[in-house]
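Notes follow the structure.
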Amino acid sequence: MTPFAKRSDMVVHEEEPFNAETARGALAEASLTPTAAFFSRNHGPIPQVDRSAWRLRVDGLVGERLSLSLDELRERFAEREVVATLQCAGNRRKDLLDVRDIPGEAPWGPGATGTATWRGIALADVLRAARPHDAAEHVAFAGHDVSREPQPPEAYGASIPRRKAERPEVLLAWEMNGKPLPAVHGGPVRVVVPGFIGARSVKWLERIELRVQPWDGFFQSTAYRLLTPEAKPAPGAGVALGEVALNSDILAPDDGVRVASGAVEVRGYAFAGGERQVARVDVSTDEGTTWTQAELLEDRGRWAWRLWRVELDLGPGPHEIVVRAWDSAAASQPERPRPLWNPKGYVNNAWGRVHVHADA
Ligand SMILES: Nc1nc2c(c(=O)[nH]1)N[C@H]1C(S)=C(S)[C@@H](COP(=O)(O)O)O[C@H]1N2
Ligand SMILES: [Mo]
């Protein structure tokens, strides 16, 4: 049995702390990922937080410090719902590992991403009540769970720029897909930062701190930063990851399968990240010499990925199918993972690629 009420088709990378990704085929099934199939990325043990005793504190550079229970948050602030894609910066790391080893990081495949309906309140409304000082440029989130990755161990935390934190789409969420947020996804309350890497959507939220500088904990200062290939992770080294880079992948048919030759339906996702939108998705079976445009499926709003489909005519024999997306800034994806390799294995957004064999 897969723990945390997850489906048995999850790809479990680690039992403790629990780390599991969605199977490629399961992602292709629907534009909203069922909670039981949604990936879970944890840097420490899942804490059990008592809902009735839980309080959210807001402090740092504020005119008024707050300490609010779940009921008080519900009463004081208007509820909001956002459909948003979460994508881990380590999504598709496996293809970087195939280039060069990345010790200590799990070989996440295509399924460290998913899209859900999140319900709660706007972080912006809570910040307004705390009256931030003008000097506060960053909003930090401290979680309850303690990770043993940093030495000494520390509670998980992260921050986002205040200009993003004050946007209406950033939520303090207590529901996922219409149900109370499960503990494994950060219940009772987590942050959801649409358009940003998953690591900024802090689970088991306990405290919000308004700051001049970004959060100085390990997961903001040292992890989740894009380093040059030669660099070693160190506080402040490299680029702190925020907005998700444009990405797309093929979800069906699965890599390595046999299909019947003739008309083959190919499906996948594309996600633009930041405030950009998916503009076009192209699929090729000849290494990108010629391309076929895919049909973009249901639009779930500006913070959600687009699933897409295209029908290809595959003759008998082996085929390599590749995909690339274009976003509203006319940016596209790099062809190969090799030049993207970095010491922690983040942001692999090379063309999606599967190999299939068409039977006569
Ligand atoms: N408190 C806390 N928040 C966290 C994490 C964590 O380990 N602890 N992992 C982060 C990372 S790296 C990702 S990708 C997302 C994953 O969210 P999920 O487990 O709900 O899919 O949560 C983020 N928030
Ligand atoms: Mo992540």
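Only a single criterion out of (1) in contact with a Lys or Arg (Cβ under 8 Å, 6 or more places away or on another chain); (2) away from ligand 2 (no atom under 16 Å from the Cβ) is not satisfied by SER201, namely (2). Out of ALA37, ALA5, which single residue is in contact with an Asp or Glu (Cβ under 9 Å, 6 or more places away or on another chain) and away from ligand 2 (no atom under 16 Å from the Cβ)? Sole residue among the options that is in contact with an Asp or Glu (Cβ under 9 Å, 6 or more places away or on another chain) and away from ligand 2 (no atom under 16 Å from the Cβ): ALA37. I need the full set of residues from the range 223-248 which are within 16 Å of ligand 1 (Cβ to nearest atom), of a type outside the set (A, V, I, L, M, F, W, C) and touching a Pro at 6+ places or on another chain (Cβ under 9 Å), in order please. Scanning the range 223-248 gives ARG225, PRO233, GLY242. Among residues of the range 77-95 that are free of Cβ contacts under 8 Å to residues at least 24 places away in the same chain, those with a beta-carbon under 8 Å from a residue that is more than 8 Å from ligand 2 (Cβ to nearest atom) at least six positions away or on a different chain give the pairs LYS94/PRO107; LYS94/TRP108; LYS94/GLY109. When we screen ARG280, ARG302, ARG324, ARG309 for residues that are crowded, with 18+ Cβ neighbours inside 10 Å and basic (Lys, Arg), the only hit is ARG324. Just one of the listed residues (LEU86, LEU68) is more than 11 Å from ligand 1 (Cβ to nearest atom) and not acidic (Asp, Glu), namely LEU68.
Kindly list, by first and then second residue, each pair from a residue in the range 144-172 that is at negative phi to a residue that is of a type in the set (Asp, Glu), limited to pairs with Cβ atoms under 6 Å and residues at least 6 apart or on different chains. What qualifies is HIS144/GLU206; TYR156/ASP145; ARG162/GLU137. When VAL139, VAL192, VAL146 are screened for being within 14 Å of ligand 1 (Cβ to nearest atom) and crowded, with 21+ Cβ neighbours inside 10 Å, only VAL192 passes. Selection of the range 158-172 for residues being touching a strand residue (DSSP E or B) at 6+ places or on another chain (Cβ under 6 Å) and either outside any strand (DSSP E or B) or under 14 Å from ARG119 (Cβ atoms) (or both) yields ARG162, ALA165, PRO168, GLU169, LEU171, LEU172. Of all the numbered requirements in (1) assigned to a loop (DSSP other than H, G, I, E, B); (2) in contact (Cβ under 8 Å) with a residue 60 or more places away in the chain, GLU209 misses one, and that requirement is (1). Only one of the numbered conditions (1) within 29 Å of TRP308 (Cα to Cα); (2) surrounded by 20 or more Cβ atoms within 10 Å (Cβ to Cβ); (3) within 14 Å of ligand 1 (Cβ to nearest atom) is violated by GLU175, and that is (2). Given the residues ARG258, ARG280, ARG309, ARG338, which is the only one that is modelled with pLDDT of 95 or more, touching a His at 6+ places or on another chain (Cβ under 6 Å) and farther than 16 Å from GLN87 by Cβ? Unique residue meeting the criteria: ARG258.
Of the residues in the range 100-122, at least one is away from ligand 1 (no atom under 15 Å from the Cβ) and under 22 Å from PRO194 (Cβ atoms). If only residues of the range 218-232 that are outside any helix (DSSP H, G or I) and away from ligand 2 (no atom under 15 Å from the Cβ) are counted, the one that is farthest from MET176 (Cα to Cα) is GLU230.
Could you check, for the range 135-146, whether at least one of its residues is in a loop (DSSP other than H, G, I, E, B), in contact with a Gly (Cβ under 8 Å, 6 or more places away or on another chain) and within 14 Å of ligand 2 (Cβ to nearest atom)? Outline the logic, then answer.
Initially, the range 135-146 is screened for residues in a loop (DSSP other than H, G, I, E, B), giving 135-137.
From what's left, in contact with a Gly (Cβ under 8 Å, 6 or more places away or on another chain): 136.
The next check asks that each one be within 14 Å of ligand 2 (Cβ to nearest atom); those that pass are none.
Within the range 135-146 (the criterion being in a loop (DSSP other than H, G, I, E, B), in contact with a Gly (Cβ under 8 Å, 6 or more places away or on another chain) and within 14 Å of ligand 2 (Cβ to nearest atom)), the answer is no, since none of the residues qualifies.
The values are calculated or read from the model by the stated rules, or taken from the named source; none is laboratory data. Everything quoted here is computed from the prediction, not taken from an experiment. All Cβ positions, even for glycine, are placed from backbone atoms using ideal geometry, and neighbour counts span all protein chains on display.
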